[in-house]
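Asker: The structure that follows is given in the form of structure tokens.
The values are calculated or read from the model by the stated rules, or taken from the named source; none is laboratory data. Keep in mind that this is a model prediction, so the values were computed, not measured. Ideal geometry is used to build each Cβ from the backbone, glycine not excepted, and the neighbour counts take in all protein chains shown.
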Amino acid sequence: MRAFTRAESIGLRIVIVAAVGGLAFLSVRRSGPVVGDQRAELAGQRALLAQEMTAMREEARLLREDRVATRKERMLAIAERNRKGEARLYDRIVLRSACPYEVAVALHYQDLDDAWVTRGWWMVPPRGSVTTDAMTRSQVLYFYAENQAVGRVWDGTGSGESISQTISDSRFDHVVGERFAYEGARAVSFFRRLSGREWTDYTEVFECPVEAPPSPGSTAESPSKGVPQGEASAR
């Protein structure tokens, strides 16, 4: 039997606390009309449960961020072992926007430790580019991009080589096979690309149809309503 990770245990505790709170409320309701003292007691219990759930969610978030940081350090160490002077034995992924607005991009690729990961978001500026920290020795790459403000999506819909992956509107870094620990999970279709045989910076360009420029004061430059503004920068 697989042992629970600490993050999974915290998630289970959150579910249990929420269930206990619900049962306590039903118990009070079934015992008869809620009078003043009972109402005050119930409000106090709810406040304590809310505080405990908030603390557990924060602990889970910190654990997740620590795991992501540790993994990034490990990838950098592997990358260093795959360098020979100025040459490197892996590809880096570069994102470029040919659009007059920002593009939010998520990637699905095989990391340097051979694990498949799904990550987002990289915010590519209008008609600009971003060199990501995504490194891979695989030729197979998958991309998904969007700008929710203008209703534009780059995905694999209609392609036989597309794959469905879970993402979040907030910033995420998920190793496939592990529990998806981010809120607001949704499944989207990623389109497939093949890089060349030489180790290089693979560049994916996101083209835009000819369209009228955003009107003054519009929100067209906001890439995704779910991505907090403090996180709208290249990762």
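Asker: Among the candidates 204, 198, 178, 146, which residue alone is over 30 Å from residue 81 (Cβ atoms) and acidic (Asp, Glu)?
Answerer: After applying the criteria, what remains is 146.
Asker: Restricting to region 141-175, name every residue that is charged (D, E, K, R) and under 19 Å from residue 97 (Cβ atoms).
Answerer: Hits for region 141-175 are 146, 152, 155, 171.
Asker: Being among the acidic types (Asp, Glu) and either assigned to a strand (DSSP E or B) or surrounded by fewer than 19 Cβ atoms within 10 Å (Cβ to Cβ) (or both) is the filter; apply it to region 123-171 and report the residue that is modelled with the lowest pLDDT.
Answerer: Across region 123-171, the extreme among qualifying residues is 161.
Asker: Please count how many residues of region 86-115 are assigned to a strand (DSSP E or B) and of a type outside the set (Ser, Thr, Tyr).
Answerer: Final tally of qualifying residues: 15.
Asker: Being among the aliphatic types (A, V, I, L, M) and at pLDDT 90 or above, is that true of even one residue in region 206-218?
Answerer: no
Asker: Run residue 161 past the list (1) over 19 Å from the mean Cα position of the chain (by Cα); (2) under 26 Å from residue 76 (Cα atoms); (3) of a type in the set (Asp, Glu) and report the number of the one that doesn't hold.
Answerer: It is condition (2) that residue 161 fails.
Asker: Considering each of 58, 52 in turn, give the residue that is modelled with pLDDT under 80, in contact with a helix residue (DSSP H, G or I) (Cβ under 6 Å, 6 or more places away or on another chain) and either in a loop (DSSP other than H, G, I, E, B) or among the charged types (D, E, K, R) (or both).
Answerer: 52
Asker: Just give me the residues in region 116-139 being over 20 Å from the mean Cα position of the chain (by Cα) and not polar (S, T, N, Q), in sequence order.
Answerer: 126, 127, 128, 137 - these are the residues of region 116-139 that are over 20 Å from the mean Cα position of the chain (by Cα) and not polar (S, T, N, Q).
Asker: Please tell me if residue 119 is assigned to a strand (DSSP E or B) and among the basic types (Lys, Arg).
Answerer: Answer is yes for this residue.
Asker: If you go through region 175-203 one residue at a time, how many are assigned to a strand (DSSP E or B), of a type outside the set (Phe, Trp, Tyr) and more than 20 Å from residue 137 (Cβ to Cβ)?
Answerer: Going through region 175-203, the residues assigned to a strand (DSSP E or B) turn out to be 175-176, 178, 186-194, 201-203.
Still in the list and also of a type outside the set (Phe, Trp, Tyr): 175-176, 178, 186-189, 192-194, 201, 203.
Of the ones still in play, those that are also more than 20 Å from residue 137 (Cβ to Cβ) are 178, 186-189.
Of the residues in region 175-203, 5 are assigned to a strand (DSSP E or B), of a type outside the set (Phe, Trp, Tyr) and more than 20 Å from residue 137 (Cβ to Cβ).
Asker: When the residues of region 77-97 are filtered to those that are loosely packed, with under 13 Cβ neighbours inside 10 Å and among the hydrophobic types (A, V, I, L, M, F, W, C), which remaining residue is farthest from residue 164 (Cα to Cα)?
Answerer: Looking only at region 77-97, we keep the residues that are loosely packed, with under 13 Cβ neighbours inside 10 Å, and these are 77, 80-81, 83-87, 89.
Still in the list and also among the hydrophobic types (A, V, I, L, M, F, W, C): 77, 87, 89.
Values: 77: 30, 87: 34, 89: 29 Å.
Taking the candidates together, the pick is 87.
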